[in-house]
Each structure stands twice: as C-alpha cells, then as structure tokens.
Amino acid sequence: AATAGSGGGMKLGKGMSLKKKSKGVDMMEQMASEEGISASALDNQREAAPQAAAPGAVVRHDPIEVEVLESITCRLSADGGVLDFEVKGQLNLLCHEEDTKVLLHLAPQSRAPAADFKVRPNPQMSKPDFAKGVLQMRSADRPFPKQLGLLQWKLKSTDENMIPLKLVCWPEDIGDGKMNVNIEYNLGDTALTLHDVLIKIPLNNHGTPEIVTSETGVYRHNSRRHILEWEINVIDADSSSGILEFEIDCTDKADLFPVTVSFGSNDTLYPIEIGNITTLDGEQAKYGQRKQLKVEQFEIESE
C-alpha cells in the first residue's frame with residue numbers, strides 16, 4: 001500500500017537507496033556585462049553552496065581561497081535533441097591577508113576541453129604568464145586585491161555530446177485514455193559525478209501515476225503540486241543510466257511537459273583547477289580550493 005510522501009503527496013515506492021565591493025570585483029562586473037554574464041552569479045552561487053564541507057571545499061582559515069564556479073542552462077526536446085545549451089564559469093581568488101603577492105599555477109587539464117569554450121583572463125592578469133599556465137598580476141610587485149575574478153569562460157552549443165546529462169521523455173498514447181511514459185537518462189561525460197539529481201514531471205491533475213519500471217533512485221507522487229518526482233543521489237561512471245516508466249490517465253502529451261531537472265557537482269565541464277600557489281620567492285603558499293557546478297535552468301520541452 002502507498003504511504004504518505006513529502007510535500008503532501010503519496011510515496012509510491014523506491015528503487016536503490018539512495019558590503020563594499022573591491023575595485024577588482026567592479027572590473028569583473030564590467031567584463032561580465034560586456035560578455036553578457038550575470039555579475040551576481042558569484043554571490044548567488046555562494047548563497048546556494050552547502051554549508052557542510054565537501055571534497056575540495058575551502059577551509060575558511062586558509063589565507064587564500066580559490067573558487068571555480070560554473071553554471072549551465074539547457075533546453076532539450078522530448079527526444080533528447082538540444083534546443084539550447086550554455087555554460088558560464090569563473091575562477092575567483094579571495095585573499096584574507098594584506099599584501100598577497102603570489103603565483104597561481106594551473107594544473108594540467110584532466111581532459112581536453114571542447115574547442116567551443118571561450119576563455120578570457122582578467123585584464124589585470126599577465127597574458128604572457130597566462131599562456132604558460134600561470135596566473136599573476138600584470139605587475140608582479142602588485143598585490144592581489146582581497147577579491148578578484150581571474151578567469152571567465154563560456155560556451156554555447158547545440159551539440160548533444162556537450163550535455164552533461166542526456167535525457168529523453170517519451171510519452172505514448174496506449175488507448176483507453178491512458179498514456180505510457182518512459183524517461184531515460186544517461187551521463188554525458190563519465191569524468192563527471194552528479195549529485196542530488198531531481199527530475200520533475202508535471203501531471204496536471206491527471207491523477208496518480210502507476211509505476212511500471214523504476215531502475216534507480218526514489219520516486220514519489222507529490223499530489224498537492226501534481227508532480228511526479230524522481231530523485232537519484234549520484235550519477236557517475238559506475239551508475240550512469242536509468243529508466244523510469246509509468247502509466248497515467250492522460251490523452252494530451254503536452255500536459256506532461258516541461259520536465260525540469262536539477263543537480264549539482266564538484267566537477268566542472270571546463271576542466272580547470274589550481275595545482276599550486278607559490279610566493280614570488282618560490283615558497284609554497286597555503287590555500288583552499290572549491291569547485292562547484294550548478295544548474296540555472298534545465299528543461300525538456302514537448303515536441
């Protein structure tokens with residue numbers, strides 16, 4: 001028998017367990033404006049960041065913090081075709097001590113980035129050093145400000161191979177006023193690990209869905225909001241695909257769209273991180289580093 005679920009719905013069953021801105025910030029906002037990138041993205045992502053320490057999370061007492069922040073927007077058709085896909089990212093430096101003069105050495109990239117990525121360093125960075133994989137102020141004797149965006153990157157594409165999570169939603173009329181619906185996902189890049197994946201299918205007052213197949217994750221019917229929610233804790237190379245199949249009293253496929261998707265990751269689509277930070281004298285500097293990928297918008301639209 002069904003048991004009470006969260007959000008006032010019914011749980012049908014489950015599968016596997018589951019202040020004042022610095023001059024540097026002003027300059028980055030100007031750059032963001034020129035590139036069409038939201039200047040508030042950094043603040044929004046910090047507010048959305050989990051409070052518990054995660055792998056690679058910044059330790060707050062470190063004198064230097066590095067943040068690699070990336071967001072994506074994506075619109076897919078029901079058959080998985082890409083209508084629109086965009087990635088925006090930033091590498092930011094926060095210094096908690098005065099007169100911070102350091103060199104940030106980029107780590108070798110773990111995989112070749114897509115050619116469509118456009119990367120732009122802050123004009124305050126030394127371009128010759130950036131070409132050698134080092135981030136430092138244009139004038140080496142000039143200290144870093146307390147907060148500064150060092151790099152920005154972006155990508156726009158309709159290439160299905162660029163999507164981190166490929167999805168298909170396939171509703172089919174089976175007669176007698178019923179619709180059979182299959183939703184399938186596949187990890188687009190096995191180098192990524194996605195966490196807290198939530199797929200929401202609108203049901204639009206069509207009653208309680210009958211689950212036919214559930215290979216992974218947990219599903220629940222939120223009857224108050226008329227949504228079928230499918231949660232998957234982790235999608236990675238070892239658990240890269242899954243299918244949810246259900247039937248529902250419905251005759252109009254459009255009523256089951258748009259399907260919305262959200263997830264997070266400690267990986268980014270553009271492969272970048274700081275491998276080492278040294279002083280101008282070559283000594284090792286203490287620092288923390290955090291990487292975060294978040295979804296701004298991810299939807300599957302009807303045909």
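The values are calculated or read from the model by the stated rules, or taken from the named source; none is laboratory data. Predicted model, so just to flag it, every value in this text is computed and none were measured. Positions of Cβ are generated from backbone atoms using ideal geometry, with glycine treated the same way; all protein chains shown enter the neighbour counts. The area values use the complete protein model at the heavy-atom level, side chains included, leaving out ligands, DNA and RNA. Shrake-Rupley method; radii C 1.70, N 1.55, O 1.52, S 1.80 Å.
Structure data summary
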| read-out | value |
| --- | --- |
| Flag for A140 being small (G, A, S) and open to solvent by 50 Å² or more (accessible area, probe 1.4 Å) | no |
| Boolean, F85 is of a type in the set (A, V, I, L, M, F, W, C), open to solvent by less than 20 Å² (accessible area, probe 1.4 Å), modelled with pLDDT of 95 or more and within 18 Å of the chain's Cα centre (by Cα) | yes |
| Index of the failed condition, T213 passing every other in (1) open to solvent by less than 60 Å² (accessible area, probe 1.4 Å); (2) within 26 Å of L293 (Cβ to Cβ); (3) of a type in the set (V, I, T) | (2) |
| Residue that is open to solvent by 40 Å² or more (accessible area, probe 1.4 Å), closer than 26 Å to L293 by Cβ and either modelled with pLDDT of 95 or more or not small (G, A, S) (or both), where the choices are K178, K127, K101, K146 | K146 |
| Residues located in the stretch 249-272, provided they are within 25 Å of L203 (Cα to Cα) and either among the charged types (D, E, K, R) or touching a helix residue (DSSP H, G or I) at 6+ places or on another chain (Cβ under 8 Å) (or both) | D249, C250, D252, K253, D255 |
| Set P143, P171: member being closer than 30 Å to E273 by Cβ and touching a Lys or Arg at 6+ places or on another chain (Cβ under 6 Å) | P143 |
| Strands (runs of 3 or more DSSP E) enclosed by the stretch 192-300 - at least 3 residues per element that are under 23 Å from the mean Cα position of the chain (by Cα) | 194-202, 227-235, 241-249, 259-265 |
